[in-house]
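First comes the structure, then the notes that go with it.
Derivation of every value follows stated rules applied to the coordinates shown; laboratory data play no part. All values reported here derive from a predicted model rather than from experimental measurement. Heads up, the Cβs are rebuilt from the backbone with ideal geometry, glycines too, and the neighbour counts pull from every protein chain shown.
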Amino acid sequence: QVQLVESGGGLVQAGESLRLSCAASGMLFSFHTMGWYRQAPGKQRELVAVITPGGTTNYADSVKGRFTISRDNAKNTVYLQMNSLKSEDTAVYYCNTESWGVPYWGQGTQVTVSS
């Protein structure tokens, strides 16, 4: 059973940084593309960043140059380093992967940026 557990969210001021972590289990982590999504109140869930097994990354335009996704295959963990946070980054952040065509989501971690 695939499990994803996020951590690292919190309340910060605009301009500050946070690092989110997502620990995966029940899967061959190094073989999977991992993603971070976010959902703000009243809005649809949106893709923030993805990283392939080979380390190729892709980002939403709104976070390019500020956020960095990375992975540690030895720890079965994917990270999202978020710098220069803005109030519009406030959302619940979710970790995501797919296994055999089935999507899996973590429980989410709240990020709140005060201006």
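Brief remarks on what is shown
- Beta bridge orientation in the chain: antiparallel %, DSSP, nearest 5: 90 percent
- More than 11 Å apart - percent of Cα-Cα pairs taken over the stretch 72-115: 74 percent
- Gap separating the Cα centres of the stretch 1-22 and the stretch 42-106, nearest whole Å: 10 Å
- Comparing LEU85, LEU28, LEU47 in a Gaussian network model of the chain (Cα springs below 10 Å), the most mobile by mean-square fluctuation is LEU28.
- Taking the Cα centre of the chain as reference, the dipole from Cβ charges on Lys and Arg (+1) and Asp and Glu (-1) amounts to some 60 debye.
- Normalised contact order of the stretch 44-96, rounded percent, pairs of Cα under 8 Å and 6 or more residues apart: 23 percent
- Over the chain, volume per residue of the alpha carbon convex hull, in Å³: 95 Å³
- Within the stretch 1-52, none of the chymotrypsin sites (Phe, Trp or Tyr not before Pro) combine a DSSP coil assignment with at most 11 other C-beta atoms in a 10 angstrom radius.
- Fluctuation leader among GLN44, GLN13, GLN81 - the chain, Gaussian network, Cα springs under 10 angstrom: GLN44
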